[in-house]
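Take a look at the structure set out below.
A short reminder: the numbers here are calculations on the coordinates, not readings from a lab. Everything quoted here is computed from the prediction, not taken from an experiment. Note that we place each Cβ from the backbone using ideal geometry, even for glycine, and neighbour counts take in every protein chain shown.
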Amino acid sequence: MEWQQSWLIALASGSAALTLFLTVWVLVLSLRLKRLTRLMNQLLPEGSERSLDQLLEQLLIKQEENRTLLASLENRVEQLNLLLQGCLQRVGLVRFDAFEDIAGQQSFSVALLDNRGNGVVITSLFGRTESRCYAKPVIRGNSPHRLSDEEMAAIKQAMEQPIGHREGR
């Protein structure tokens, strides 16, 4: 009978210890739940009748819409970058005296090129009685036509110019 009594005392002590542990655990979980409820209420707009589930679902839908929009914008930026490669981005200008009897460097060669070095070089020769203007295509920094020293210098100047360079900035 004595071993049954000691066994009952051990069982009662164990049950009391377990009850104490579970009570403390319930208190800890209650504090956590109270904190989470307070944080959840901060997420919901003042006076909102929607549940947190509805709000989270709406946020997930909006996130997917934003992801789709971002992908579309990234695609558009890529298209614009490709388009910009063919836009005028490089300019070179060389002024010179074409004739010995004319001073003031009134003649010029200007190279107008895209980022790939394609475009045109225009030369204007200014004289006392006449002026001449020539345009030659430029492909990857060269022309299929014979170029003067001034035209080659204008093309070289344009090709060496950093992209996005603007005077006065």
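Considering (1) in contact with a Leu (Cβ under 9 Å, 6 or more places away or on another chain); (2) surrounded by 10 or more Cβ atoms within 10 Å (Cβ to Cβ); (3) assigned to a loop (DSSP other than H, G, I, E, B), the lone condition that residue 45 does not fulfil carries the number (2).
Scanning the range 98-118 for residues that are over 13 Å from residue 151 (Cα atoms) and either within 32 Å of the chain's Cα centre (by Cα) or surrounded by fewer than 16 Cβ atoms within 10 Å (Cβ to Cβ) (or both) gives 99, 100, 101, 102, 103, 104, 105, 114, 115, 116, 117, 118. Applying the criterion of at least 2 residues that are under 26 Å from residue 82 (Cβ atoms) and among the polar types (S, T, N, Q) to the strands (runs of 3 or more DSSP E) found wholly in the range 92-169 leaves an empty list.
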